[in-house]
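**Student:** Can you read through this structure? Questions will come right after.
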Amino acid sequence: MLSVDISKQLGEFCIEASFASSGRVTGLFGASGAGKTSLINMIAGLLRPDRGVIALDGETLDDVADRKHVPAHRRRIGYVFQDARLFPHLDVRQNLEYGRRMNSLADDPVQRARVTDLLDVGSLLDRRPGQLSGGERQRVALGRALLSKPRLLLLDEPLGSLDDERKVEILPYLVRLRDEASVPMVYVSHDAGEMRQLATSVVMLSRGRVSAFGGTEILPGSLAEVSARA
Amino acid sequence: MAIQLSLRVAAVATLVATPLGIAVAWLLARRDFWGKSLLDALIHLPLVLPPVVTGYLLLLMLGRRGVLGGWLADHLGIVFAFRWTGAALACGIMAFPLLVRPIRLSIEAVDRRLEQAAGTLGAAPWKVFSTITLPLALPGVLAGMVLGFAKAIGEFGATITFVSNIPGETQTISSAVYSLIQTPDGDTAALRLVAVSIVIALAALVASEWFARRAVQRLHGE
């Protein structure tokens, strides 16, 4: 269960968001500039809210009034960035192992094999990130985040930097991830189609505020939404 | 003898200055703090001060009757004045700004978003530094070391002022050349040393150019 009730001033722009979700995939949906990335950066601990509380599974991660802030590296929250952010000086294998090493987790060949299979990155292990295609990079980034054994996985438009062909290539992996990996996810996107395929509940964000919360039927263009408008 | 001493002085100066240089470069590149511009100016001071002035200041502070020098000699038995270690200290200080600069630039060039990503994977700040920032900045560190070494090996003004020109103890290539030029018939020996310093300087420049190119490749992950 993830609960967020925060506000943050960023220049002229103000984010005031409050929601709680225990869905398998919470979709954070909104146009670009709606504050989606800033919001998940706060969940990840990369950005500190000005006011409010963020809690995950009963543990308070941020409580401004109480001056509590758990730094990003102690949150055990995985993050897949739009631009993958693989470490260029490490090969794919070392990138995948990074989180396990940093958290001093025991080697878990079973999980490693499962993630490697799930994301189909077994043939890439000895390559450097510079030698990967955009889609391959994103798959490795997914694997890297998963293998750090996070309690929650944040995905910030993981398909955003890919062309349509690559999107179609990655989407099935994300669906498999949702159904097979037992990690709850927060999925950020401005693409209603992607959302409908992946999200189990949706937080709609516009101009820094939550404008709607519900199932995928609240997404624009869906049947319920169209009939409600008519 | 002078060549060997020069190499030793410059090597020790570089090796001792490097960890300190990395720490200072990181502070300047990644942290905002009170007195940051003062620290920056202080580091660059030896670059703009006449070397003789730097040497004289060292003598005033660390000479046997100097404020710090007396204390160090009495309590820790450490003496810099008129020793090769003093030459290494003078060279280290003179080389420091040249050593710090490339390291600072290469740390600034490391993508902070990679450091953030490492954080979300559970890496504590010092681990982020040792596993991401430093390896990616390594070519810059090596370039800084080469430049610092080259500066240290050629240092003259501060060294001769601080530790004088004692053959076998503080007479580096530069001061040896200086002495030879002042001696009748010293030209041949002087030219030999000149040739050696040209070779060392060229090698250092080529090496630093190579490291800089490596840096680019590394950051692109090829």
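Rule-based calculations on the coordinates, nothing more; no lab input. The structure presented is a predicted model; accordingly, all values stated were derived computationally and were not measured. As a convention, Cβ positions derive from the backbone with ideal geometry for all residues, glycine included, and neighbour counts pool all protein chains shown.
**Student:** Please report, in debye to the nearest 20, how large the charge dipole of the protein assembly as shown is about its Cα centre when each Lys and Arg carries +1 at its beta carbon and each Asp and Glu carries -1 there.
**Tutor:** 680 debye
**Student:** OK, next. What's the Kirkwood radius of chain B in Å, using all Cα pairs?
**Tutor:** About 18.8 Å for chain B.
**Student:** Another one. Which of the helices in chain B meet the span-like rule: DSSP H, Cα axial reach of 27 Å or more, Kyte-Doolittle mean at least 1.0?
**Tutor:** Result, helices passing both filters: B:2-30, B:84-109, B:134-154.
**Student:** Which number comes out as Rg/Rh for region B:55-152 once both Rg and the Kirkwood Rh are worked out on C-alpha atoms?
**Tutor:** Using Cα coordinates only, the ratio equals 1.19.
**Student:** Right, something else. Work out the length of the dipole vector of region B:2-220 about its Cα centre, built from +1 on the beta-carbon of each Lys and Arg and -1 on the beta-carbon of each Asp and Glu, and round it to the nearest 20 debye.
**Tutor:** In debye, rounded to 20, region B:2-220 gives about 540.
**Student:** Which whole number gives the average count of other chain Cβ atoms within 10 Å of the Cβ atoms across peptide A:77-89?
**Tutor:** So the per-residue partner count for this stretch is 5.
**Student:** Would you compute, from DSSP H runs of 4+ residues alone, the mean residue ellipticity of chain B at 222 nm, taking -39500 (n - 2.57) per run and dividing by the full residue count, rounded to the nearest 500?
**Tutor:** When only DSSP H runs of four or more count, the value is -26000 deg cm²/dmol.
**Student:** What do you get for Rg/Rh of region A:13-57 when both radii come from the Cα atoms and Rh is the Kirkwood radius?
**Tutor:** Taking Rg over the Kirkwood Rh, I get 0.93.
**Student:** Next question, about the same structure. Based on Cβ point charges of +1 for Lys and Arg and -1 for Asp and Glu, what charge dipole magnitude is obtained for region B:1-119 about its Cα centre, in debye rounded to the nearest 20?
**Tutor:** 120 debye
**Student:** Still on this model: Say each of B:TRP71 and A:ARG48 gets a label point 7 Å from the Cα, pointing the same way as Cα to Cβ; how far apart are those two points in nm?
**Tutor:** So the two model labels end up 3.6 nm from each other.
**Student:** Quick one: grab the alpha carbon gyration tensor of region A:100-230, order the square roots of its eigenvalues as a ≥ b ≥ c, and give me rounded if a/c is under 1.5, else prolate or oblate depending on whether a/b is larger than b/c.
**Tutor:** prolate
**Student:** Still on this structure: For region B:52-118 and region A:146-174, compute the distance between their C-alpha centroids and round to whole Å.
**Tutor:** When both Cα centres are located, 49 Å separates them.
**Student:** Starting from 0 in steps of 5 Å, tell me what percent of the Cα-Cα pairs of chain A lands in each bin.
**Tutor:** In order of increasing distance, the bins hold 1, 7, 14, 18, 19, 16, 12, 8, 3, 1, 0, 0 percent.
**Student:** Which shape class, rounded, prolate or oblate, goes with region A:1-78 when its Cα gyration tensor gives a ≥ b ≥ c as root eigenvalues, a/c under 1.5 marks rounded, and past that a/b bigger than b/c marks prolate?
**Tutor:** Oblate.
**Student:** If you don't mind, there's one more thing I want to ask. What FRET efficiency, computed as 1/(1 + (r/R0)^6) with R0 = 56 Å and r the Cβ-Cβ distance, is obtained for A:ARG209 and B:VAL53, rounded to the nearest 0.05?
**Tutor:** Working from the Cβ atoms, E equals 0.35.
**Student:** What is the average number of partner chain Cβ atoms found within 10 Å of a Cβ in A:67-76?
**Tutor:** 3
**Student:** Work out how far the C-alpha atoms of region A:167-227 reach from end to end along every principal axis, then list the three figures in whole Å, largest first.
**Tutor:** Sorted largest first, the three principal extents are 31, 22, 18 Å.
**Student:** More than 39 angstrom separation, counting every C-alpha pair in the protein assembly as shown; what % is that?
**Tutor:** Tail fraction, whole percent: 41.
**Student:** Hey, fewest Cβ within 10 Å first, where do B:TYR178, A:TYR98, A:TYR173 land in order?
**Tutor:** Listed from fewest to most nearby Cβ atoms, that is B:TYR178, A:TYR173, A:TYR98.
**Student:** Roughly what % of DSSP beta bridges within chain A run antiparallel, to the nearest 5?
**Tutor:** Once the DSSP bridges in chain A are tallied, antiparallel ones form about 60 percent.
**Student:** Turning to a different aspect of this structure: With each pseudo-label sitting 7 Å past Cα toward Cβ, what's the A:ALA31-B:LEU27 distance in nm, one decimal?
**Tutor:** Modelled inter-label distance: 4.8 nm.
**Student:** So how do A:ILE77, B:ILE181, A:ILE15 line up by other beta-carbon neighbours within 10 Å, fewest first?
**Tutor:** B:ILE181, A:ILE15, A:ILE77
**Student:** To continue, here is another question. Just tell me how shielded B:133-141 is by partners: mean number of partner chain Cβ atoms within 10 Å of each residue's Cβ, no decimals.
**Tutor:** Across the residues of B:133-141, the mean count of other-chain Cβ atoms within 10 Å is 1.
**Student:** Related question: Determine, for A:CYS14, B:CYS91, the number of other Cβ atoms within 10 Å of each Cβ, and report the residues in order from fewest to most.
**Tutor:** With the fewest neighbours first, A:CYS14, B:CYS91 line up as A:CYS14, B:CYS91.
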